[in-house]
Amino acid sequence: MTDLVLAWLTVFPGYTVPLLLASLGLVISERAGVLNLCTEGLMAVGAMTGALMALAGYDPLLAVACGALAGAALSLVFGVATVVFRADHTLAGLATVALGLGITGVVGRPYVQKPFDGLPRLSDTVWGADLPRLVGQQNILLPLTVLLLLAVWGWLFRTHSGLRLRAVGEDPAAADVVGIDIQLTQLGAVLASGVLAGLAGAYLSVAAAHVWVEGMVAGRGWVAVAIVIFAGWRPWGVLLGAGLFGGAEAAMLRLQTLGLDFPIYLGAMLPYALTLLVFCIACARRRGENAGPAALGKAYLRQDKH
Amino acid sequence: MTQGATRSQTPSGPQKKAGQAPALLLRDIDKAFDGKTALSGASFRLDWGEVHALVGENGAGKSTIMNVATGVYAPDHGEVIVDGRDVPLRSPVDAVAAGIGMVHQHFRLVGRFTVAENVALALGGIGRRIGIGKAAQLVKRKSAELGFALDPEARVERISVAEQQRAEIIKVLLLGAGIMILDEPTAVLTQQEAEALLSMARRLAQAGHAVVLITHKLQEVADHCDRITVMAQGRTVLDAAPMAQTSLAQVTRKAFGEVKEQEPVQPGTLGGELLRLENLRVRHGAVTLDGLNLSLRAGEILGIAGVGGNGQSELVACLNGLLRPLDGKIFLADEDLTAASPAKRRKAGLRVVPADRFDSALVRDMTLSENLALTGLESGRFGPWWGLSRRSMKRNAENSLKEFNVLGGGPETRASVLSGGNAQKVLLARELAAGTRVVVAHSPVRGLDLRSARAVLNLLVASARQGAACLLISEDLDEILRMCGSAAVLNRGRLSPPLSGADLNPARLGELMVGHA
């Protein structure tokens with residue numbers, strides 16, 4: 001039993017980190033009022049770009065960074081459409097997902113199922129050989145993610161620019177009068193969410209699987225969208241939500257390795273079902289409190305008479 | 001505070017010395033929106049140390065000229081001179097930097113933020129980055145200075161409208177505004193709150209600020225302002241006249257043209273009982289309606305006076321079927337409607353005009369013909385269920401708009417484009433259409449100018465003359481006294497017995513409104 005728990009704890013961060021990164025990005029974007037549904041597509045592009053760079057023999061960390069940049073690049077398309085041209089956020093988001101999945105399908109096809117070295121575990125690095133097993137099994141992106149979580153929380157709630165960003169998402173008219181550039185703020189927020197989604201995608205391929213497979217994001221982008229709602233758009237709630245889903249997913253895989261006689265598809269479905277259940281309960285208990293940013297998904301026009 | 005006392009306290013001190021530049025001078029301002037002229041050659045002059053009234057009909061250009069002064073709109077032509085200097089105001093931030101602050105009707109506060117966060121946000125906008133804690137201190141100090149309490153840690157959406165207004169005023173003052181523009185500040189306040197606000201405006205003026213008061217309420221102007229500017233149709237028709245030498249009759253004539261002084265409405269002949277509430281009990285949030293009894297006869301206009309928030313909205317929601325009473329009965333001519341759906345009530349002839357026209361009455365983004373047809377779809381007047389007759393909808397709208405004298409839009413105009421008065425007329429046109437037996441009108445003229453208000457009230461009178469029963473729920477005592485043969489007072493969820501005849505007077509109503517019975 002202890003072995004099982006220990007094994008679960010070892011793989012737990014690997015399932016949680018990508019969800020956490022993607023959700024954090026969404027928190028930034030949605031706190032600024034941009035309803036962001038394109039994460040699934042951004043993660044796919046990030047995952048594929050990271051894998052391609054790793055296959056081309058570049059340093060894994062550089063590959064991860066390129067994945068993040070690729071996410072940012074695609075999010076810019078979404079950002080320009082919604083923020084500059086005031087396209088409908090939901091439609092633009094869905095179109096961006098389709099675009100991202102399409103790009104990865106076409107560009108990534110020749111590289112499917114080709115394993116590469118990827119990001120090493122901490123225990124495999126020169127300076128990390130003596131780390132305890134639980135920590136040593138992780139990679140450098142885990143501490144980075146923890147730092148990012150702290151940074152995003154501190155930024156949103158403890159700095160002036162965070163206050164301004166939240167004001168844009170709550171009441172763009174009020175923010176505009178204060179002299180905040182609404183479009184620049186929202187575009188910046190969308191780009192930040194793109195970087196984080198790309199990072200999450202690159203984690204899946206370069207840090208976790210060490211291979212690129214089409215469709216490897218497997219709905220995690222959508223789960224991230226749900227996590228943000230569950231979390232009430234708060235970074236610490238995101239940690240809880242991502243941990244819950246990631247933990248359930250990790251547990252299912254561990255249980256399968258025990259050789260229990262259990263339908264595999266049912267097992268794979270369980271984390272999603274569990275998340276749905278917990279979210280329903282959480283939302284029912286909250287009853288409208290902590291609902292999303294007031295101006296989420298609404299285009300803002302200044303000299304609007306009436 | 002009496003009129004005389006207010007005047008004598010006005011400092012004629014250093015700010016009004018001869019030769020000193022006016023606080024704000026707008027000259028020859030033109031502004032058009034999409035080719036429609038909003039201002040043409042308008043001017044405005046404001047001095048330091050005064051409370052200056054700005055009066056005019058809806059759409060006369062008051063808000064537009066103040067929006068020019070605060071950098072929201074760039075004028076097409078004309079100059080803006082602040083304290084003797086020609087300052088280009090390209091954005092609201094420029095105006096703030098020039099020391100001009102405006103408290104809009106819709107506060108520019110972020111509802112989800114605390115008061116202190118809002119202040120920190122605003123100060124950050126002019127480059128003064130302070131922490132939330134420091135902002136809270138500033139709010140505390142400023143509110144003590146102005147003589148009221150305000151919790152800096154309170155979330156704006158959780159505090160009352162009067163407190164939100166104070167938060168907004170404090171924010172504007174902390175931004176360094178020497179010139180303070182208040183856009184219809186008392187429209188959302190109770191009488192006591194309004195008094196407190198107006199005396200605060202006076203104190204600010206005494207401290208050397210220049211205060212502009214945009215308002216429809218002429219009594220406020222007479223009691224609290226030093227000078228007055230009247231606008232009509234985008235022009236300044238009375239330019240900074242001293243209040244002491246100006247009569248309200250003169251102001252009325254300038255602002256609204258010749259309007260006859262309105263006589264109290266003569267009660268028509270009353271018919272049988274149409275609406276009866278029996279021991280109605282409702283609980284909704286913090287508000288409880290406790291055992292309401294009421295009887296309303298055909299042809300009667302019964303007033304329900306009272307300070308807002310004492311159960312008015314709950315009573316309205318209960319009558320139109322959005323809120324279910326805990327106990328008690330609602331009868332319309334002996335038909336029990338207590339548990340009836342809104343549709344069934346409508347069919348029975350119960351029509352409700354809610355306080356917010358666009359909240360649960362008109363659909364902002366639909367055309368007038370659609371809005372007017374919305375409630376008649378079931379009757380089949382606009383075609384069978386499988387097909388809508390645009391033509392009969394349009395004809396219906398044309399007739400209604402003509403009959404109710406709706407200006408500024410045709411059948412294909414979106415409802416959101418209309419001014420408040422015209423939108424209200426559209427709503428009344430729909431609700432007073434054939435089949436109306438009981439009309440419940442909640443603050444039907446709030447925010448409307450004199451002329452529109454009269455037109456709307458006359459529509460209610462006409463409908464009562466035709467035999468409808470009308471329940472007029474209002475905070476405005478003058479309106480109640482003029483319109484109603486009898487009136488009751490709603491206070492803390494309890495309804496007083498109706499007053500009529502000699503008992504129906506302001507003193508008695510006021511007693512019941514603030515009493516703790």
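Taken together, the values in this text are just the output of simple stated rules run on the coordinates, not laboratory data. Predicted model, so just to flag it, every value in this text is computed and none were measured. Cβ coordinates were reconstructed from backbone atoms using ideal geometry, including for glycine residues, and neighbour counts include every protein chain displayed.
Among the DSSP helices (H) of chain B, those spanning at least 15 angstrom by Cα along their long axis with an average Kyte-Doolittle hydropathy of 0.0 or more are B:115-125, B:161-174, B:450-465; this is a geometric and hydropathy rule only.
Using the Cβ-Cβ distance between A:Leu76 and B:Gln250 with R0 = 56 Å, the FRET efficiency computed as 1/(1 + (r/R0)^6) comes to roughly 0.35. Summarising the strand pairing of chain B, around 55 percent of its internal DSSP beta bridges are antiparallel.
When only Cα pairs below 8 angstrom with a gap of at least 6 residues are kept, the stretch B:108-177 shows a relative contact order of 42 percent. Farthest towards the positive end of the charge dipole of the protein assembly as shown, among the residues B:Gly56, A:Leu4, B:Gly408, is the Cα of B:Gly408, using unit charges on the Cβ of Lys, Arg, Asp and Glu.
Karplus-derived 3J(HN,Hα) values for the stretch A:104-120, using 6.51 cos²θ - 1.76 cosθ + 1.60 with θ = phi - 60°, are 5, x, 7, 5, x, 3, x, 9, 5, 6, 9, x, 9, 6, x, 6, x Hz; glycine and proline are entered as x. Applying a DSSP loop filter and a limit of 13 other Cβ atoms within 10 Å to the chymotrypsin sites (Phe, Trp or Tyr not before Pro) in the stretch A:197-236 leaves nothing.
Report the gain in length on full extension from B:Gln105 to B:Leu377: 0.36 nm times residue separation, minus Cα-Cα distance, nm rounded to one decimal. Mind dumping the intermediate values first?
Values: separation 272, 0.36 × 272 = 97.92 nm, distance 3.57 nm.
Residue separation times 0.36 nm, minus the Cα-Cα distance, leaves 94.4 nm.
The fraction of all Cα pairs in the stretch B:108-177 landing in successive 10 Å bins from 0 to the largest distance is 24, 61, 15, given as whole percents.
With +1 on each Lys and Arg Cβ and -1 on each Asp and Glu Cβ, how big is the dipole of the stretch B:273-514 about its Cα centre, in debye rounded to the nearest 20?
Details: 31 positive and 25 negative charges, 145 e Å.
Computed about the Cα centre, the dipole is about 700 debye.
Within the same chain, aspartates and glutamates fewer than 8 places from A:Lys298 are excluded, and of the rest, those with a Cα less than 14 Å from its Cα are A:Glu30, A:Asp88, A:Glu170, A:Asp171. Neighbours of A:Trp155, meaning other residues whose beta-carbon lies under 12 angstrom from its beta-carbon, give a summed charge of +4 when Lys and Arg score +1 and Asp and Glu score -1.
Residues whose amide H lies under 5 Å from that of B:Leu238, counting only those 5 or more places away or on a different chain, are B:Val230; hydrogens are built 1.01 Å from N in the peptide plane.
Report the FRET efficiency, 1/(1 + (r/R0)^6), for B:Ile126 and B:Gln233, where r is their Cβ-Cβ distance and R0 is 35 Å, rounded to 0.05. Kindly include the intermediate steps, with their values, before the conclusion.
Working: r = 36 Å, r/R0 = 1.02.
So, using R0 = 35 Å, E works out to roughly 0.45.
Under the convention that each Lys and Arg Cβ holds +1 and each Asp and Glu Cβ holds -1, the size of the dipole of chain B around its Cα centre is about 700 debye.
Annotation for A:Leu4 and A:His210: the two label points, set 7 Å from Cα along the Cα-Cβ direction, are 2.8 nm apart.
Which residues make up the longest stretch of chain B clear of GluC sites (Glu not before Pro) that lie in a DSSP loop with no more than 10 other Cβ atoms within 10 Å, not counting the sites? Intermediate values should be presented prior to the final figure.
Working: sites that count: B:Glu258, B:Glu261.
Longest stretch, sites excluded: B:1-257.
If you add up the charges near B:Ser295, with Lys and Arg at +1 and Asp and Glu at -1, over every other residue whose beta carbon is less than 10 angstrom from its beta carbon, what do you get? The answer is -1.
Note on B:105-111: average number of Cβ atoms from other chains within 10 Å of each residue's Cβ is 5.
When the charge dipole of the stretch B:108-177 is built from unit charges on Cβ atoms (+1 for Lys and Arg, -1 for Asp and Glu) and taken about the Cα centre, the candidate among B:Ile159, B:Ala144, B:Leu174 whose Cα reaches farthest toward its positive end is B:Leu174. When the trypsin sites (Lys or Arg not before Pro) in the stretch B:47-102 are filtered for DSSP coil states and for at most 14 other beta-carbon atoms within 10 Å of their beta-carbon, the remaining sites are B:Arg90. Here A:Asp171, B:Asp86, B:Asp183, B:Asp239 are placed in order of increasing Cβ neighbour count within 10 Å, fewest first, which gives B:Asp86, B:Asp239, B:Asp183, A:Asp171. Could you pull out every one of the aspartates and glutamates with an alpha carbon less than 17 Å from that of B:Lys217, ignoring same-chain neighbours closer than 8 positions? Result set, ordered by chain and number: B:Glu57, B:Asp183, B:Glu184, B:Glu193, B:Glu195, B:Asp226, B:Glu261, B:Asp449, B:Glu475, B:Asp476, B:Asp478, B:Glu479. Restricting attention to the stretch B:273-514, close to 55% of DSSP beta bridges with both partner residues there are antiparallel.
If I take R0 = 45 Å and measure r between the Cβ atoms of A:Ser123 and B:Arg90 in this structure, what FRET efficiency does the formula 1/(1 + (r/R0)^6) give, to the nearest 0.05? Mind showing how you got there, number by number?
Numbers: r = 60 Å, r/R0 = 1.34.
It comes to 0.15.
Using DSSP loop states and a limit of at most 16 other Cβ atoms within 10 Å to flag chymotrypsin sites (Phe, Trp or Tyr not before Pro), what is the longest stretch of chain B containing no flagged site?
Details: sites that count: B:Phe148, B:Phe358, B:Trp385, B:Trp386.
With a cap of 16 other Cβ atoms within 10 Å, the longest stretch comes to B:149-357.
Excluding same-chain residues fewer than 8 positions from B:Lys394, which aspartates and glutamates have a Cα within less than 12 Å of its Cα? Hits, sequence-local ones excluded: B:Glu370, B:Glu412.
Measuring between alpha carbons in the structure, the pairs from B:Lys31/B:Lys254; B:Lys31/B:Lys142; B:Lys254/B:Lys402 lying more than 32 angstrom apart are B:Lys31/B:Lys142.
What's the extension gain from B:Glu403 to B:Arg451 if we count 0.36 nm per residue and subtract their Cα-Cα distance?
Values: separation 48, 0.36 × 48 = 17.28 nm, distance 1.67 nm.
Length gained, B:Glu403 through B:Arg451: 15.6 nm.
Coupling constants for the stretch A:264-275 follow from the phi torsions by the Karplus curve (6.51 cos²θ - 1.76 cosθ + 1.60, θ = phi - 60°), and in residue order they are 5, 5, 4, x, 5, 7, 3, x, 5, 4, 4, 4 Hz; glycine and proline get x. Proximity of backbone amide H atoms, modeled 1.01 Å from N, is registered between B:Gly71 and no other residue at under 5 Å, excluding neighbours fewer than 5 places apart on the same chain.
Close amide H partners of B:Asn58, meaning residues 5 or more places away or on another chain with modelled amide H under 5 Å apart, are B:Asp449.
For peptide A:155-168, the mean count of partner chain Cβ atoms within 10 Å of a residue's Cβ comes to 3. Taking every residue in A:177-183 and counting other chain Cβ atoms within 10 Å of its Cβ, the average works out to 6.
Of the chymotrypsin sites (Phe, Trp or Tyr not before Pro) found in the stretch A:71-162, the ones in coil according to DSSP and having at most 15 other Cβ atoms within 10 Å of their Cβ are A:Phe85, A:Trp127. In terms of other Cβ atoms within 10 Å, A:Tyr15, A:Tyr58 run from fewest to most in the order A:Tyr58, A:Tyr15. Model label points for B:Asp478 and B:Arg281, set 7 angstrom from Cα along the Cα-to-Cβ axis, are 4.1 nm apart.
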